[in-house]
Every structure is written in C-alpha cells, then in structure tokens.
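The values are calculated or read from the model by the stated rules, or taken from the named source; none is laboratory data. All values reported here derive from a predicted model rather than from experimental measurement. Using ideal geometry, Cβ is built from the backbone for each residue, glycine included, and neighbour counts are taken over all protein chains shown. Side chains are part of the model used for accessible areas, which takes the heavy atoms of the whole protein and leaves out ligands, DNA and RNA. Shrake-Rupley method; radii C 1.70, N 1.55, O 1.52, S 1.80 Å.
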Amino acid sequence: MRVHRCAEPGCRELIKPGFDYCEKHYTQRVTKYQEQKRINEAIWNQSKRGQALNREQTRRYDSTRRQEIHDGFYNSKRWLKISAYVKKRDAYTDGVWNKLWDDGQLIVDHIVPRRLLEGEAQYDMENLWLLDRRTHNRKSGYERKLPDEKLRTMTKDDWVKILRRMPKDNQKK
C-alpha cells in the first residue's frame, strides 16, 4: 500500500494518499482555523460596515421569514395541541414518502397555505399533514412560485405528485 508523510514540518507520521495531514495535525489545523474565523467574525461585527450589513440582514429577515414566527400562530397553545394531535393521527409518518420520522424531523404543514386562509380555516384538520423538513422546504419553494388561485385548489394528491418528482438522491436521505 502506498503511503506518504504528513505535510506538517517535522512530523514523520505515514498516511494514506488523498490526505495531507495525520489525524493529530489535521485536528490542530481545523481547531486553529475555527478559532481564527471566530476572531475575524468578532472584528468584522465591531466594524461600522459589519454592523450596517448585520442591520440590513436583520431587517430583511424580519420583514420576510420572521413574520410567520412572530405573529404568534405557531407558538399558540391551540396550534401546539393541534400539531401534536396531527403527528399522532398520522403516526409520525411523512405524507409524501410514507417514512417514519422522529418528532423533531416532522413539520405539520398546511396543504393550502395558511396565508390564504382566514380564521378557523387555519386550524382545519383536513388541511393539515406531516412533511419531513426537506420536503417541507421544497413545498414552500413551489408555493412561492405558484399563483394564489392555483394554491387554493391544490389537494394533498396534487402535492404528492409534485413532490415525488424529487431527484433519486434526495429520496434516500
């Protein structure tokens, strides 16, 4: 078997081809890199430009993604109970792939997006199903592209057909 020496000066450890450093020196280099990165980020965040960029990113996040979280719906006692019920009802099984998942990997999703529903319709159990995080993110991406009129008429079967067109490598995970 072919081997070569670690690239760290003075180290005589023999390692397999494809690696530059032995385990000891690789770990040291990664630790040093992460520490330097943390220091550089701290310095950047203290600069005026870094602070301005952070404010802009926070403003953009607050106006788009955080809105759903901060309107209180997903943290309400009623939603948490309904969410737990749907997970038990569907036996912690993904609605698209029919795979069993841990509680933390599942998201209770509205088939017709919640932003298109009013009042009690947001809590309708027939409009709720379970998706794993990856599939939920794909569905959310499709929702952003489709017009509201089309989204209002989408059924669970329609979403299953669309989401099952996922590339084979994503299905395995």
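Couple of notes before you dig in:
- Residue match in segment 120-131 (condition: within 26 Å of G72 (Cα to Cα), charged (D, E, K, R) and in contact (Cβ under 8 Å) with a residue 24 or more places away in the chain): no
- Residue under evaluation D158, criteria (1) farther than 18 Å from S76 by Cα; (2) touching a strand residue (DSSP E or B) at 6+ places or on another chain (Cβ under 7 Å), criterion not met: (2)
- Test: residue in segment 121-129 that is open to solvent by less than 50 Å² (accessible area, probe 1.4 Å) and part of a strand (DSSP E or B): yes
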